[in-house]
Structures are given as structure tokens and as C-alpha cells.
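The values are calculated or read from the model by the stated rules, or taken from the named source; none is laboratory data. Keep in mind that this is a model prediction, so the values were computed, not measured. Here Cβ is always computed from backbone atoms with ideal geometry, including for glycine, and neighbour counts include all displayed protein chains.
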Amino acid sequence: MKTLSRLYIGLILLFLYAPVAVMIVFSFNSGGSVWVFEGFSLDWYKGLTTNTSMLTALEHTLIIAILSSVISTVMGTAASVGILALRKRVSRSAVMSVTNIPMMNADIVTGVSLMLLFVFIGNLFTLKESLGFFTVLAAHITFNLPYVILSVMPRLRATDMSLHEAALDLGCTPTQSFFKVILPSISTSIFTGAIMAFTLSLDDFVISYFTCGHYQTLPIVIYNMTKKTVTPDVYALSTLIFLAVFVLLILYNVLQSKAESRRGFNV
């Protein structure tokens, strides 16, 4: 039975990571072929420094990912505190249900609806371009918010609110008590929510495709390249992104394990 379970897990891992392994191998291909490995070389990694269109798209992607993750983390943390402060349980459940809709909704529905909204607002204010940087940023904040709330809310519920009340009794204002007592206790969840928002924003294609206009992100540029010919420099850049996300996920898991060990120690 153990042999079968190990074989099953091995097949799953092979199915998941074999395409990534092939991509990494061919990113070191000395030739221009994307199906025949002609020899080891770092030329495609060096070529990334001169590929202005791809570097510009990468810059756009990183700007959107960083800004959207920071803004959605701040808004999501504030929203979690506000939702928890609701006295009626029915109100909290209703707000959480509405918050989870973008997470459960199909990306294409979210993308099309946001595009229509932005175009309507652009026509209403007679803007030259309805879609661009700010529409992509707003769209990414929209779909990142539920994930941040989902990350922060459980830890916020587990926080001992008597500490907050004790800080108030000792002379702290509600704002001071939040930053000195509550925020440090949920900082790990906030950080994991920010990492999740960053990776989701970095990877998004469907919603960005409908809301970007001329401000194209990296997934859209790569998609446009597939209509012609994909060169191994795309593999090289994708490998670098994969390694960066992989490091972030390791950091996320380390922080999660530390947070769980702290909870067990406190209990």
C-alpha cells in the first residue's frame, strides 16, 4: 500500500513539474530550437538584457504586482478589522459572502465586467483612453482583496482581544492599541497575504487582458508571441520568474510553520 501511495505521489509530481523541468532545460539551449537541445549555453539569459519589449513588459508586471499587493494588503487588513468589528453575526456572514464572490467567480466574467465598467467611466468623463495603467491596477486590487482578507481574518479571530482591552485600560488610544498590540500578532498573516497577492498579480492573464489597454503586462506579451514564434529567451525569463515565485513560496511556508508553532506554544 505504501508503494502504491508513493508511486501515486511520484506520478502527480512528475505530471506537475515535468513541463517546468523541460522549460528550464531548454532555457539553456545553445540553439534557437524549442524542441531540439543543441548544447548548453547562457546566451538566452544574456539576450534578455537587450530585449526591450520583454523587459518593459516585465517592468509593467512588477510595478502592478508590487503596488496592487501593497494596496490590497492595507485595504484587506483594514477590511478584516472592520468585518470583525461588526456586532451582528448575520452582517459579518453577509459581508464575507460578498467578499468571497470575486474569488469564486470566473476570471473571464470578472475581466469582462471590469472592462465594461472602466469603458463606461471613460466615456462618461470623455477620456481619450479608457483602459491603461490605473485600470489594470484597480482590477488587480479587486481580485487580490478577497485573498488578503482570507489570510488575515482567521488569525485576527484567534487574537486575544483582552490584550487590546488591556492596552486601552492602560491609556492607549484605539489606534495605538491596534499598531502596538493587534498588528504585531497578525503580522505573519499580513505578510503571507501580501505574498499571495503578489504571486497572483504576477501570474494573472485573463483579467489583465481585458483591462490593460496599451499597458501590457508580461503574460500578455508572451501570449502575443505564441501567435508567431516562441524563442528560448521566453523560457529563460519564465525560469527566472519561476525561481523567484518558488523562493517566495518557501518563505511563505516557513512563516506559516512558525506561526502555527507559536500558536501551539501559546496554547
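Quick check on segment 201-233: of everything there that is buried (at least 22 other Cβ atoms within 10 Å of the Cβ) and β-branched (Val, Ile, Thr), which residue is nearest to residue 59 (Cα to Cα)?
217
Given (1) under 30 Å from residue 212 (Cα atoms); (2) of a type outside the set (A, V, I, L, M); (3) part of a helix (DSSP H, G or I), where does residue 162 come up short, assuming only one miss?
Here residue 162 meets the rest and fails (1).
Can you confirm whether segment 110-129 contains a residue that is surrounded by 15 or more Cβ atoms within 10 Å (Cβ to Cβ), in contact with a His (Cβ under 9 Å, 6 or more places away or on another chain) and closer than 13 Å to residue 213 by Cβ?
No - not one qualifying residue is present in segment 110-129.
Looking at 57, 94 in this structure, which one is at pLDDT 85 or above, within 23 Å of the chain's Cα centre (by Cα) and either of a type in the set (Gly, Ala, Ser) or not in a helix (DSSP H, G or I) (or both)?
57
What pairs come out if I take residues in segment 39-64 that are surrounded by fewer than 14 Cβ atoms within 10 Å (Cβ to Cβ) and pair them with residues that are of a type outside the set (Asp, Glu) whose C-beta lies under 6 Å away, six or more apart or interchain?
39/30; 40/28
Any idea which of 83, 9 is exposed (fewer than 13 other Cβ atoms within 10 Å of the Cβ) and assigned to a helix (DSSP H, G or I)? So that I can check it myself, show each step before the final result.
Numbers: 83 fails: exposed (fewer than 13 other Cβ atoms within 10 Å of the Cβ).
Result of the check over 83, 9: 9.
Among the candidates 52, 73, which residue alone is of a type in the set (S, T, N, Q), more than 18 Å from the chain's Cα centre (by Cα) and closer than 23 Å to residue 202 by Cβ? Even if it seems obvious, please write down each step before you answer.
Values: 73 fails: more than 18 Å from the chain's Cα centre (by Cα).
After ruling out the rest, the residue left standing is 52.
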